[in-house]
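To start, the structure itself, in structure tokens.
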Amino acid sequence: MMNYLKNVMIYLQKLKKIPNTVAIVAIKVYRMIFSPSVGVLRYFPFYPQPVCIFYPTCSEYGIECFKKYNFLKAVCKTLNRIRRCHPGNEPKVDLP
């Protein structure tokens, strides 16, 4: 019986990671296609040039948040970072 409960707990822990994994995959797809610094669209002349004011970039920051925190906290931290990402802020290192 204890072994069964242990297996159920392990399964539930894995289920809790699914939203974070989906978010990480979505961020990686965004980076591969749309990101001005690493996406394939950066080769088009009309696409904006990368001017990241933070290190790591917002997409890297988001991936790290989803690896480190639960889903809701990671969403809040990532959206807060994107909200602060504009030319009026000073460049700085901002780790999750």
Between 0 and 90 degrees, rounded to the nearest ten: what's the tilt of helix 71-84 against the longest Cα principal axis of the chain? 10
Beyond a 18 Å Cα-Cα separation, which of these cross-linked pairs lie in this structure: Lys17/Lys67; Lys16/Lys68; Lys6/Lys73; Lys28/Lys92; Lys16/Lys73? Lys6/Lys73; Lys28/Lys92
dims of the chain, Cα set, principal axes, largest to smallest, nearest Å -> 62, 28, 16
What list of ³J(HN,Hα) values in whole Hz, one per residue of the stretch 4-18 in order, does the Karplus curve 6.51 cos²θ - 1.76 cosθ + 1.60 (θ = phi - 60°) give from phi, with Gly and Pro shown as x? 4, 5, 5, 5, 5, 5, 5, 4, 5, 4, 5, 5, 5, 8, 4
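Every number in this text was worked out from the coordinates using simple rules, so none of it is lab data. Since the model is a prediction, treat every value here as computed from it, not as a measurement.
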